[in-house]
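First up is the structure itself, then whatever we jot down about it.
Please treat every number below as a calculation from the coordinates, not as lab data. Bear in mind that the values here come from a model prediction, so they are computed numbers and not experimental data. When we count neighbours, we look across all protein chains shown, and the Cβ atoms used for this are built from the backbone with ideal geometry, even at glycine.
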Amino acid sequence: MRQVLTVLLVAGLAWFGWRFYGYFNQKMAENTPPAPGTVQTAPGKLPGMPAELETSLEAARRGGVESLRNWLGQHWQEVHDPRLADIEMDYVVLAGRSNPAEARRVLDGLRERLRPASPAYKRFQQLAKAYQ
């Protein structure tokens, strides 16, 4: 009887140790800072833009068409699709009021880049219909 209890105790300790090891690794993975080469995106936003640029983007949006065009010209290398496409579509909405030809030009550029699997594609289709 004593040997059975010893085996059960050792098996229970091994099981507990294995579970604790898995839990510990999971918590460590959650608390690990991102690798130096990775880009953190803002929560709730499409991926493709560093979170540090959010404040300058919001200021550019508030500044109007010219400000947003200048921001895109300045940061186009740092921002990637699908977020770049989303920002360009914001520019299309702003520019389309006063310059529909510019809006169509930007949409034509987006048409070449965006694929149906992109999260920004549905919005693109809606804007493309409006500027045909």
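As a summary of the residue check, ARG113 satisfies the conditions (1) closer than 14 Å to GLY48 by Cβ; (2) surrounded by 15 or more Cβ atoms within 10 Å (Cβ to Cβ) except for the one numbered (2).
Mind telling me which of the residues LEU94, LEU53, LEU72, LEU57 ends up being part of a helix (DSSP H, G or I), of a type in the set (A, V, I, L, M) and closer than 22 Å to GLN132 by Cβ?
Values: LEU53 fails: closer than 22 Å to GLN132 by Cβ; LEU72 fails: closer than 22 Å to GLN132 by Cβ; LEU57 fails: closer than 22 Å to GLN132 by Cβ.
Selected residue: LEU94, the only one of LEU94, LEU53, LEU72, LEU57 that is part of a helix (DSSP H, G or I), of a type in the set (A, V, I, L, M) and closer than 22 Å to GLN132 by Cβ.
On inspection, ALA103 fails the criterion of being among the hydrophobic types (A, V, I, L, M, F, W, C) and not in a helix (DSSP H, G or I).
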